[in-house]
Structures are given as C-alpha cells and as structure tokens.
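A short worksheet on the structure shown next.
The values are calculated or read from the model by the stated rules, or taken from the named source; none is laboratory data. The model shown is predicted, which means the values in this text are computed figures rather than measured ones. No Cβ is skipped: glycine too gets one built from the backbone with ideal geometry, and neighbour counts run over all protein chains shown.
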Amino acid sequence: MIRYIIRRLLQAIPVFIGVTLITFILFFIAPGDPARLIAGQRADAETIARIRALWGLDKPLPVQYFLFLGRLLKLDFGRSFKTNIPVIQSIGERLQATAILALFAFIISVLLGVTAGIISAVKQYSIFDYSAMVIALLGVSAPVYWIGIILLLVFGFKLGWLPLGGYITEYGIKAVILPAIALGTRPAAYFARLARSSMLEVIRQEYIITARAKGLSESKVIFKHALRNALIPVVTYAGMVVGDLLTGAVLTETIFAWPGIGRLVVQAIFDRDLPVLQGGVIVIALIYILANLLVDLSYALIDPRIRYE
Amino acid sequence: MAIDIGASFQTRKPRSLWRVAWKRLSKNKLALLGLGIVIFFVLVAIFAPYITPYPWNEVDLSRALQPPSWKHLLGTDEFGRDIFSRIIYGTRVSLQFAFFAQLISISIGTLLGLIAGFYGGWIDDLIMRVVEILFAFPFLLFVIAVVSTLGTGIQNLYLAVALIGWAGVSRIVRGQVLSLRERDFVVGAHAIGASIWRILFRHILPNALSPIIIEATLGVGGMIMLEAGLSFLGLGVQAPTPSWGSMVQAGLAYMRSCWWYPIAPGIVIMIVVFGFNLLGDGLRDALDPRLYI
Amino acid sequence: MRKSYLILLLVSLIFLLLGSSIAQTPQYGGVLRRSLVNDPPTLDPAMITDTASDEVARQIFDGLVEYDPNGKVVGSIAKRWSISKDGTVYTFYLHDNVYFHNGRNVTAEDFVYSIKRIMDPKTASPRASFAEPIKDVVAKDKYTLVITLKKPFAPFLSTLTYSCFWVVPKEEVEKLGKDFATKPVGTGAFIFEDWKHDVKIRLKANPKYFRGRPYVDAIEWMIIPDENVDFMNFEKGQIDITGIPDPEWDRVSNDPKYKPYILEKEIVGIYYLGFNVQKKPFNNKYLRQAITRVINKEGIVKVIRRGRAKVAYTILPPSMPGFSQENYNWAKEKFSYNVEEAKKLLAKAGYPNGKGLPEIVIYYNTSVAHKRIMEAIQADLQKIGIKAKLQNYDWAVYLDLLDKGELPVFRLGWVADYIDPDNFLWVLFNSSNWGPEGNHSFYKNPKVDEYTNKARLETLWSVRAKYYSIAERVILEDCPIVPIYYYVSQVIYQPWVHGLYLDPLTGLSGVRYRAVWLSKK
C-alpha cells in the first residue's frame, strides 16, 4: 500500500513539470510585460528596465525556467511580482478559504445528491424520481454566477437571512452557506444522476435479487447490499469533483467576495504575476492528484476485491 | 464520464444497434423532451434572422431600458436594443460556438485516442502523459489564460478549447480501442492487410461511437456554460455580438431595476443546457447496453 | 427697510441650509467601513501606482505638502516653504512634532532618505521618474529640508503631493525589507493594524497624530470584487461610503432616501478615444475629424453614463487650472455631434460615405463599463458608413500593444497625477513621450512640442497658461484624440457619516478620512 502511494506520487512528478512548463510557455508567448504593468499606465523605459532586472525577467527564458525549477526543489515559490508577498504565504491563506468552501459544497452536494439519487432509483419512474431528476438537471444547467447573484439578492438582500458575501472571519459560519450552495449545485446534480444510475444497475444484479428472494426487508437490501456497491462510481466522481470545485470556485469566489485560490490565480493571470500563477497551478494540480489517489485508495475500503500491489 | 469508459460492446451489427437505441430513446419521455428542446433551438438558430422582430444590433439610445411590452416582449437593453431579438440571435451565436467547440475537441480527442489506443507503446505513453497533465491543469483557468492573453474573440476561444478540451474524450476513445483491438473483426482486418487508417476508421471507430456521441451531447451544454462563465469575466464572444452569456453578464448590473434583463437569457441558457443534458442522458441509457431497462 | 428684511431672510436661509451640519458637533468613536474592488497590491509609498493602494496608504502616510479639498497645495509636515527666484531651490521648514507610528520624531533626514530611496535604482520604484528633476536633497538642519532641481520645473511643488514622496522611517524599511509593503509604518492619522488579504484591511486611529487624533477609532476596507454585491452591502448598511454603479444611478439618485447623501465632484481627468496618428488611415486628419464629429458624446454621457460625467470638448478638464473656455467654445462649435458635417469631413478625407475605407477595429481593455461606451461609439460610426468592430484585451496586453503603437484606435482614461496642465498636455502630446511615457497617439507637432516644453521652464503662471492654451488649440484641431467626457466622481454615504469631501484629483481614493466622523455607534 505505502509502496503504491509512493509510486503514484513519483508518477506525478512529470505532471508537475508539464504543468509548470505549460504555464511558463503560455506566460511568455502571451504579450504583456509584468514589469510594464507594475510601472503603471505611464512609465519610462529606464524604470521598466529596473523592475525587469529586479525580478530577473531580463535573463534568457530557459535560464529563468531552470532557476524557477531549482527554487521549487527547495520549496521556494518566490514572491509575487505585484505584492511582494511570498507566494507560499498567499497561497496558504487562500487555500484555507477554498478548502472550507469546497468542503461545505462537497458535503451539501453529497448529502443532497446521493440521497435524491438513491430514492429516485428505488422509486424509479415515480413523481419523486422525475421531479428530482428534472431539478438535478436544471441544477447543472444554470451559470453559477447567475445563481449566485440571485441567491444573494433573495437570501442576503431581500430576506436578510445571510450575509451579502464575505468571509467567515467576518460573519462566521453563516458566510459559507450561500457560496457553498451556489458551488455545490452542479456536483449535487451529478451525484444525484450518478447515484441513481449506479443504484439502478446494482439493484438488478443477481445478489440483490437473491437477497430479496431470501426475504430480507427492502430497506435492508438497499442499505446493506446495494448502497455499498452503488457508491463506487460516486466515489470515482468525487475525485473529479475536487477539481471541479477548485476551478468552479473562480466565479463563485468573485461573486461572494470569498478569499479563495481561484480568485487569486485568475487575478494573477490578469496581473501577469508569474510566481503566484505558477504556485497556484502547482497547488491545484497537487490537490487534484492527491484527491485521485485518495479515491483510488478508498476503493479498497468499499470494494474488498480490489488490492494494491 | 468515467464509469462508462469500459462499457463492453455487444457484438451486434451497428445498424441494428442504432435501431434498438432509437427505439429505447423514443420510449424515454424525458429524452424526447430534451430532443424536442434541442431541435427547437437549432431551428431558432437557423432561422434567427427571419424571426427576430428587430435587428439584433439596432441601437437607439432614446428607448434604452424599457420594460417588457407588446412592442418589445422582453424590453430593451441599455442601448435600446430589443432583448427578445438579441436572445433569438444569441441562440445562433451560443449554439454555433458550443457545436463547433465540441466538434473540435471531440475530433482531436477521438483522433488522439484512436492513435494512442491502437499503437500503444511510447505513443500511447506520451499522449496519456499529456492527458494527465491537462487533467491536472484546471480547464477554466487554462481557457481564461489563453483568451485573456491572446485577446477575446471566437477564434481564440476555439483555440483554447482545441488545446485542452480533447483530453477527456481521448481517454474514453482509447479505452474503447483497447477493448476492441483484440476483437476478431479487428484482428481479421489486420490479417488481410487492411491499412491502419482503414482499420481505425472503418472497424474501430464505428464500434466506439456510442460513448463519443454521449460525451459530445453532454458536452454541448458544458460549452454553453463555458462561454457564459467567460462572459462573466468579460472574455466571452466579442461585443456587440449577442451571446446568452454576454447578455446575462451585461444584464446582471441592471438586476435591481430591470430584473427581466438578466433573468431572460439566464432562463434560456437553463432550458437549452437542460435539453442537451436530457438528450445526453437518454442517449446514454439507449446506447449503453448495460443499462437495459 | 425692505433691504434688511431681505438680508434677514437670506441669513435665516443660510442657517437653515447649514443647519443640519451645524446642529451637531463632531463626535469621536466608531468604525468607518469602506470597500475596495481588489486587494491593494502594496502599501509602500515608493511602489504605489493604483488607486486602491493610494486610498489606504494615504491614511497611514504624510508628505511635505498635500492638496486641500479645493486642489490648492498646502503644507502637511512642511509648515511653510520658500522657492528661490530662479525656481531651482526649494526650502521646506518642517513641523517638529511629527512622529512615526513607532514613536520616533520625524526630521529632515527622513525626507532625505525617503526621496533618495525613490531615486535609488535598487528600489526600482515605478515612480522614480517623479524624482527625475531633483539634483540634490539635503537636510540643512534638523527640521529644514533643501531640495535643489537640475533646472526650473514649474509643476514641482504639485508633484510633491504624490504618494511616492511620502515620508517613511528608514529603520522600519530596512528591518522589514520587502514586507514593508504589507506592514507599513508612517506618520499618518491612522496606524496599520491588520490585513487579511482579499477580505479586509483595518487601520486604527493614531492618538498622537500631529494634527490631532482622527474622529473615528478605526477604518475598515472590505474587499468586494463585484460592484453589484458591493452596492447591496451599502444598501444593507454594511458599508458607510461607496461608489454607485452606473446602472443603479437613476434609481438611487432619484430616491429621496439616498439623494441628500450623494457627493459629486468633477475630478481632473478625461475619458477619450485615441488614434495612432502614424498609422494609416488615421494619419488622415480629416478622417479623425469626421470620427470626432460623429461620436454622440451627449448620448453616451446621458444614456450610457446616466448623466454622471460631463461632455468633454477640450483636453484640459474644467477643474484644471489653465482650462480655456475659449478653446472649449471653439471646439464645441467645430466638433460637436453632427452627422451631416461628419459626412462632409469624411468625403474630404477621401472616403465619401465610407467608400474605400477598410473596416476599422476599436480596441479597449476588458471591462463592462468600457464595453458599453465602445458599443455606442461603434453604432455612431455606422451612421456615416464607417464599419468598425470591437476588440478587447486585458490590461497587460493592452498596455503592451499601446506602447508598441499597434492599436490604431483605442480608449484610454487619464487622471492627473498632479494638478498642472503639464501633466496632460506635455505628457500626452509632447513627441518626447511617445509610447509608454504617455503619448500613445504617437502625435508630433512642432508647435505643440515647442509650447509644452517652454511652459515647463517658465515660472510665471499667466505666461504658462497662455502657452498651454495655444498648444491645446493646435491639438484640438489635429484631433489625435477625441475627448469623450470629463470624469465626475460620485459617492454615496450613510446618513451617519459626516465631514466627508471628495479629493479634487481622484475623488474618493484621494480622501483623507481624518476629518470624517460618525454620529452612530
């Protein structure tokens, strides 16, 4: 098991290098000079040259890239071009916020989605099934920022129940509810459909039919036998959802003034803030890889047939 | 979607498969509803110029921001343009983008998936490594980076999608190819000396088609949402061309005084994406023999 | 007899009008809550180039001089100053009771350090060019500072109000290094307290401020990126002062609940459409004039901006000294919106009804607000047969392309760094400033060069004003840019906020909150 984990992590190294290389190339083929941006709308050539030199942007590109990789080995992400804050610190702060948001969105989507999906499957073709699936499908069909503004307008402004954006340090746990709902809607809908279809599949399999034939109560059949197996695809999707939640958070974080990593990285794109961009992309890739590793490991827990060599 | 990667294939003739699939689809009321929605909007897109009551770009500042009336069913925007007409014309813009973007990513993905799966070895390794990298690279951020740096506009959107959007499809197709490669009809074709491309396109591709179709249908909705998301950041289709996303974005600022302005295009997005998802789900049920209901 | 009644009536009317503000005496206490659309990049005065940083840092730092609410240069840490006859030696006499937030007394040496720090290439200050006219800066004694210029530079005193000249404590800058930007220590009315990035910045009152402690106990800036959400927060009373989104303007400004609490001030800036005059076909003066005439500025200001700006005909805004009413009237007469005249000019340019003119591209940097205006301009151009499409880039790319002269038609805004016509006419139109240094039109006219250069060296205001008016007239005739509107700044505040004013230069971001007090809490 541990050897498997180590092997998987080693396999991730080329992915990291690829991700940073793509970011780097994209950054330098794109027009726009970070030094020029720092200098402001009106700037003289000398000032721009000084700023370039300060950040090492005057060195040849391959040199810059290898210097970056070298620093990365020492876990030194550098400092933001724009704010001079160490990247690791900026990302650390934002990661916490994103993690809280993603966690709540994840919980909401699993609870809502899986429950609805299973009930739908058990009561296939019922009114509940149809309406749950229609709602689930509508949930994946609306732009998240559109839902976000409407939620804010209704629950924050008109009803005044929840804060109008902002972070938990300001408004406590109440602040996370609306953004988590906005962000969790799409995964909830996916989970619902996924849970339904895999549940339907499992219910038809022989061991379930046998269990029924043995005279076990319906609820016991569902919870003891079917659920466990039906959850496998849901767990698979959970790994992908992490990626979705991280990047889907870009827009949600902007609307809800949530200090997350998506907003940080998008701002870094606009600011040509390469160190922050690189750091952010690496961290998001790392989370994605870890999440998928976790998913693979959790198979073993759910499905005893799977073993790791 | 990951769970269907390994979908086993029944050794029916393709034609009968399609017939069976259609029969199943026609029994699925929700899927038919989806199909109906899709067809309706495709027709709207095709005939847009003939059914808009006003030209989509007719600016008249003196009639800006009027509420809905018989003259302007959904009111007018901040330039006095008829919102209803712009939504109709926007159908063309949004659907066109979604279709072509899907076409591009599906084509590239299918091609690379075929190659990776069929050749195996280092080619497969290379393509799959790139796929892994692209998977770890957040899609939306990548598109934002490409579009914001190269400039907004439909070509750059296509470029961004072409660069990264193919990863998921190629993985699915590769899985299909791997499961088909050792089948009799493929091995047989190989034995009689058929060219590799012929084998790929005549024998393997048709048999791998159903997951591609499902993925493509579900993906159209995703592309509409992508355009909408980019519009929110000002990176969508170039103004003044109306896309639903850019209309929602422009309208949100007027939410408090003219709520119909952002709500109308938003609802249209919901309905259309809903339609594609219903249809995609229906197709999955119909084409995936495992879920014979 | 009747006269005295009239006076009585007038006096009582004035009292009635002032009544509301006189009735209450300023109170101490409370937290003032503001919002910003983005986290300020830096609070180090040497590094600031944006308005968010400027607004926050302005509360923490002071300079030698500052603008009063009317745009007049007045003393800050310098209580008075004298300028030598030849205009090259400036002597500043400092207050002796100014202390940094770490408790140390501010002396002339601190200004020597702060100014030399900007000039030092190692600092890589983006505003190093502001110190370019300076030959030397020395502390004559503990509280006397002498700045010598290389040659006379008339706007120098105005430039000293700029953020890069604020005084910083050497020991803190050296101790904190790059972290000084996030843990600033200054002399100002407010002391930096806490900064949760992308969430909130908090400053607390400086009880030992040399001009007396500010009224409020603290200021908090919430970071709210979406302006619709920001305004909802204001309406819910979560924020005390904020701007008003254009789309909300009609509703808010007509609401009796809000109307008395809106402040409005013309600031020193213009929004304009520029041409690269070196690029075909825009090297054609008549084409530029035709476009100038067909842009319906009144329509843009009235409908798109909801009347929140002032239609511009000149380069210098009315609130800038040197603004020429004569030039304004002349340009209004010659270039106001007139489709028929525009058609004639277009024909004169050699493109009757747009024939022979290729489709042009209007560039703007990504923003909903700019998009609205560019769409309106595009529709206007169609009226005389000019086909145009729009293209936007993010600011980084936009600046890059502008610098390289690759954008033939573009939008830009210019807000003065300091209140002097030099900052507009020399910066934007002198041919020595082509590209990044401000002249993005790549405009060159010997007469404009001559007069804008002469005006820099001249010290007599009446002569300078004449030079500027001559130069401006030439520019207006050549149309390297189309002035669209002069910026007007509007803010809305809660009824419990008192003593708020708007800065003549930048509106809200230039306000010093030490004069503001709250009647609630």
Determine whether B:MET270 is hydrophobic (A, V, I, L, M, F, W, C), in contact with a Leu (Cβ under 8 Å, 6 or more places away or on another chain), within 12 Å of chain A (Cβ to nearest Cβ) and closer than 30 Å to B:ARG24 by Cβ. yes
Under 8 Å between Cβ atoms, which residue pairs at least 6 apart in sequence (or on different chains) link something in the range B:211-234 that is more than 9 Å from every other protein chain (Cβ to nearest Cβ) and polar (S, T, N, Q) with a partner that is crowded, with 22+ Cβ neighbours inside 10 Å and not in a loop (DSSP other than H, G, I, E, B)? B:THR217/B:PHE276; B:THR217/B:LEU279; B:THR217/B:GLY280; B:THR217/B:LEU283
Quickly run through the range B:120-154 and pick out the residues that are over 27 Å from A:GLY260 (Cα atoms) and either within 22 Å of the chain's Cα centre (by Cα) or not charged (D, E, K, R) (or both). B:GLY120, B:GLY121, B:TRP122, B:ILE123, B:LEU126, B:ILE127, B:MET128, B:VAL130, B:GLY153, B:ILE154
Across the range C:328-371, which residue is farthest from the chain's Cα centre (by Cα) among those that are buried (at least 21 other Cβ atoms within 10 Å of the Cβ), part of a helix (DSSP H, G or I) and in contact (Cβ under 8 Å) with a residue 60 or more places away in the chain? C:LEU346
All positions within the range C:243-269 that are away from every other protein chain (no Cβ under 12 Å) and either surrounded by 23 or more Cβ atoms within 10 Å (Cβ to Cβ) or of a type in the set (A, V, I, L, M, F, W, C) (or both): C:ILE262, C:LEU263, C:ILE267, C:VAL268
Determine which member of the set C:TRP395, C:TRP461, C:TRP434 is modelled with pLDDT under 95, closer than 28 Å to C:GLN325 by Cβ and among the aromatic types (Phe, Trp, Tyr). C:TRP461
When you scan the range B:242-253, do you find a residue that is under 18 Å from the mean Cα position of the chain (by Cα), closer than 22 Å to C:ASN365 by Cβ and not in a helix (DSSP H, G or I), even just one? yes
If you take just the helices (runs of 4 or more DSSP H) that sit entirely in the range A:90-175, which of them hold at least 1 residues that are closer than 30 Å to A:GLU201 by Cα, among the aliphatic types (A, V, I, L, M) and within 10 Å of chain B (Cβ to nearest Cβ)? A:127-139
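So that you can scan it fast, the table gives a plain yes or no per residue for (1) surrounded by fewer than 19 Cβ atoms within 10 Å (Cβ to Cβ); (2) facing another protein chain (nearest Cβ under 8 Å); (3) touching a strand residue (DSSP E or B) at 6+ places or on another chain (Cβ under 7 Å); (4) at positive phi:
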{"residue": "C:TRP166", "(1), (2), (3), (4)": "no, no, no, no"}
{"residue": "C:GLY188", "(1), (2), (3), (4)": "no, no, no, no"}
{"residue": "C:ASP194", "(1), (2), (3), (4)": "yes, no, yes, no"}
{"residue": "C:LYS200", "(1), (2), (3), (4)": "no, yes, yes, no"}
{"residue": "C:LYS204", "(1), (2), (3), (4)": "yes, no, yes, no"}
{"residue": "C:PRO207", "(1), (2), (3), (4)": "yes, no, no, no"}
{"residue": "C:TYR215", "(1), (2), (3), (4)": "no, no, yes, no"}
{"residue": "C:ILE241", "(1), (2), (3), (4)": "no, no, yes, no"}
Just wondering, is there one or more residues in the range B:244-260 that are more than 10 Å from chain A (Cβ to nearest Cβ), surrounded by 23 or more Cβ atoms within 10 Å (Cβ to Cβ) and within 18 Å of B:SER148 (Cα to Cα)? yes
Checking C:ILE315, C:ILE300, C:ILE295 in turn, the sole residue that is modelled with pLDDT under 95 and not small (Gly, Ala, Ser) turns out to be C:ILE300
Looking at B:ARG174, B:ARG129, B:ARG183, can you tell me which residue is surrounded by fewer than 17 Cβ atoms within 10 Å (Cβ to Cβ), over 25 Å from A:ASP33 (Cβ atoms) and modelled with pLDDT of 85 or more? B:ARG129
Selection over the range A:1-31 where residues are in a loop (DSSP other than H, G, I, E, B) and more than 22 Å from B:PHE139 (Cα to Cα) yields a count of 1
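To keep it simple, each residue is scored yes or no on (1) more than 18 Å from A:LEU72 (Cβ to Cβ); (2) more than 14 Å from chain C (Cβ to nearest Cβ).
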residue: A:THR254; (1), (2): yes, no
residue: A:GLY260; (1), (2): yes, no
residue: A:ALA268; (1), (2): no, no
residue: A:VAL276; (1), (2): no, no
residue: A:ILE282; (1), (2): no, yes
Looking only at the range A:215-239, count how many residues are in contact (Cβ under 8 Å) with a residue 12 or more places away in the chain and either within 14 Å of chain B (Cβ to nearest Cβ) or on the phi > 0 side of the Ramachandran plot (or both). 11
Could you tell me whether C:VAL31 is modelled with pLDDT of 95 or more and surrounded by fewer than 20 Cβ atoms within 10 Å (Cβ to Cβ)? yes
Considering only residues that are in contact (Cβ under 8 Å) with a residue 40 or more places away in the chain, assigned to a helix (DSSP H, G or I) and hydrophobic (A, V, I, L, M, F, W, C), which ones fall in the range C:131-184? C:PHE156, C:LEU157, C:CYS164, C:PHE165, C:VAL173, C:PHE180, C:ALA181
Every residue from the range C:103-121 that is touching a helix residue (DSSP H, G or I) at 6+ places or on another chain (Cβ under 6 Å) and over 15 Å from C:THR144 (Cα atoms): C:ARG117, C:ILE118, C:MET119, C:PRO121
Residues that are within 14 Å of chain A (Cβ to nearest Cβ), within 16 Å of C:ARG127 (Cβ to Cβ) and touching a residue at least 40 places away in the same chain (Cβ under 8 Å): list the strands (runs of 3 or more DSSP E) wholly contained in the range C:24-115 that include at least 2 such residues. none
